[in-house]
Every structure is written in structure tokens, then in C-alpha cells.
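What follows is a set of notes on a single structure, which appears directly below.
The values are calculated or read from the model by the stated rules, or taken from the named source; none is laboratory data. Everything numeric in this text was worked out from a predicted model, so none of it was measured. No Cβ is skipped: glycine too gets one built from the backbone with ideal geometry, and neighbour counts run over all protein chains shown. SASA here: full protein model, heavy atoms, side chains in, ligands and nucleic acids out. Shrake-Rupley method; radii C 1.70, N 1.55, O 1.52, S 1.80 Å.
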Amino acid sequence: MRGIKKSIFVTGVVMFAFLAGCGASSKSANDYSDYGYAENSLNTDYGMNTSMEEEAVEEYATTSESPSESVREGRKLIRTAKLSVETLEFDNLLSYVEDRTNEYGGYMESLDVYNGSDYGYDNDYYESSYSGMSYSSDRRATLTIRIPKDKMDSFLGEVAEHSNITSRSEQEQDVTLSYVDLESHKAVLLAEQERLLQFLEQAETIEDMITIESRLSDIRYQIESMESTLRTYDNQIDYSTIYLSIDEVIVLTPVITQEKTIWERISEGFMSSIKNIGVGFKEFFVGLVIVLPYLILMAAFVLLIIWFIFFCIRRGTKKRQKREAKLRAEQMNAMQQMSNQNGMIYQNQENRGKQ
């Protein structure tokens, strides 16, 4: 009889763990989608089917909402914004953003600053139609800022007042359903953990304890994973993320509020051409002075090469002249010797004739 009771106890524990696993912690392909957990994987044994989940979400989202309040009240929303701005005072704006971030209770998640200057083509004078050669500052900064959600709009407004916005985008992600689903899963697992702890106290054999402890370990792991995801959600919800890009320019990009007439476009284009010509001459002079040391070095190198070539040619000419003079002298000597020999022969012949 005692063996039959043990078998029934172990069978009950295993069946309980199996049903709970199918309902709340199955690791099949349908589990933990999106942020780690499926939205419809709760077992009906716990009274949490799909329709009840949706009702829970709706009740959660409208708990503090009245007809006069916004539909956003009570929902779990993750807000992010991307902002690109221009400024004539780079250091002042960067310092201002850092100070306001601290004053609003936020923090700087990342900050990258590049300080430098470059010569090249820019579009500072006109947005897209006219560009010219000009000295352009190349200081820029990219920031990732976390601001409390209720102060995000005020922070963006203040940044806009102290800079020139070139692009702006905002996104809002509603994670209410996933958040409530995670909490529901967690509640189910906590209830299952409580039951298994009661079973563990009643276990009489080591095999029973091992079976229950194995299931408890799996449940604890899932609960910790869910709590970690919920903490991540809370951080993203409570602190909105702002990706801010700051560029220092010489002339701010103009904001075009209406289409320009033909004469306005002609006059602006003509003035832009005149300005670019003046800037071109100025930059040419500045560039010439900058590269002057290189030009002097190159000129000295070219003169050295020319002198070396001239020296080699002159030296070769002298050697050739010496060889030619030596050859002429040898020819003259040979001719003189031949003449002397011919004279001696003629004299000998005359002497023989007289005898």
C-alpha cells in the first residue's frame, strides 16, 4: 500500500509539472517570441486564456484613464527620438545639453566628440542648390541621452531653441500587451513554484525530491529571465532615448517655408555665384600660402635635377672634346711620320741617281 501511495504521489507531481510546463514554460518554437515570451501560451488550467489576457490588458491600460484623459494614459510606451542639429557655437551647445540632461534627472549613455577642421566643398550657404569652396569646420558630436519620459518633450524643445534642427524623427512603441503577458506568466510560475515547494515538503524519497527540484530549478530560471526582461522594459519606458547629432557650421542651413519665385531664385543664385567667386579667390590664396613650403621644396628638387643633368651633359661634352682632340693629334702625328718617311725615301732615290 505504501508503494502505491508513492507511485500516485510521483505521478501527480510529474503530471502537475507537465501541465504547468505546457501552460507557462514550454520551450517550443512558440515560446518567448519578440521580447522572449509568447502572448498566448498560458494554460487554461490556470484560468488565463487569450480572451482573459486581452481583458487584463484593457483593464490595465484604462485603470487610471477617464474620458477626459489621453488614451496613452496607463499604457506601457517606449519613446525614442532622433535629432540632427547645427550650431555656430559648438562648445556652448554641447555644454548646455550636458547640463540640461543632468538637471532633468537624465544621464548620458554615450558621447562621441570629434574636433578638427578640413578644407573641402560644403553646402553651408544654401541647402542644396548652391555650393562652393569654403573653409568648413568639422567639429561634431553624437550623443545617446536617456531622459525621464515626462520631460522628453521639454528637453527637445529647449534643444530646438538653442540650435538649428536639420532633421527630426520620433517613434513610440506600445509594449503593454507584452508587459502584461510577462507579468501573467510570472504569476503563473510563482503559483507553480509555491505548489512545488509544498510537494517538496511532503516528498518521502530522494527520487521525488530530485524530480521536484529539477522542475523548481527550471521555474526559477524562467522567473529570473522574465524579471530581467521586465526591468529592461521599465528602464526603456521610464527613460526615453534621444539620439542627438550636433554639427558645427559657419552658416546655418536656411529654413525654406514657401516656394521661391523665379526672380528670387535668380537673385539668390547670382549672389551665391559672386560670393563663391570671392570665397574661391580667398581660399586659393590661403591654400597657396599653406602649400608654399611644399612648392619650395619641389622647386629645389627640380632645380637639383636640372643642375645634375646639365652637369652630366657638360662633363660628357668635355670628355668627348678631349677624345676628339687626342684623336686629331694622333692623326697629325701619323701624317707627320708618313711625310717624314716619304721624304727620306725620295732623298735616297736622288742619292742613288747621282751615283
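Quick look at the values:
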{"quantity": "Only one of T229, T166 that is polar (S, T, N, Q) and touching a helix residue (DSSP H, G or I) at 6+ places or on another chain (Cβ under 8 Å)", "calculated": "T229"}
{"quantity": "Count - residues of the range 93-117 that are touching a residue at least 24 places away in the same chain (Cβ under 8 Å) and either part of a helix (DSSP H, G or I) or acidic (D, E) (or both)", "calculated": "8"}
{"quantity": "Which numbered condition G74 fails, given (1) more than 28 Å from the chain's Cα centre (by Cα); (2) open to solvent by less than 70 Å² (accessible area, probe 1.4 Å); (3) at pLDDT below 60", "calculated": "(3)"}
{"quantity": "The one condition in (1) free of Cβ contacts under 8 Å to residues at least 12 places away in the same chain; (2) over 28 Å from N115 (Cα atoms); (3) not aliphatic (A, V, I, L, M) that F281 fails to fulfil", "calculated": "(2)"}
{"quantity": "Any hit, the range 272-279, residues being under 30 Å from V251 (Cβ atoms), open to solvent by less than 100 Å² (accessible area, probe 1.4 Å) and touching a strand residue (DSSP E or B) at 6+ places or on another chain (Cβ under 6 Å)", "calculated": "yes"}
{"quantity": "Residue satisfying all of: in the range 249-265; open to solvent by 90 Å² or more (accessible area, probe 1.4 Å) and assigned to a helix (DSSP H, G or I); nearest to T166 (Cα to Cα) among these", "calculated": "R265"}
{"quantity": "Matching entry among I305, I212, I246 (being of a type in the set (A, V, I, L, M) and under 30 Å from E183 (Cβ atoms))", "calculated": "I212"}
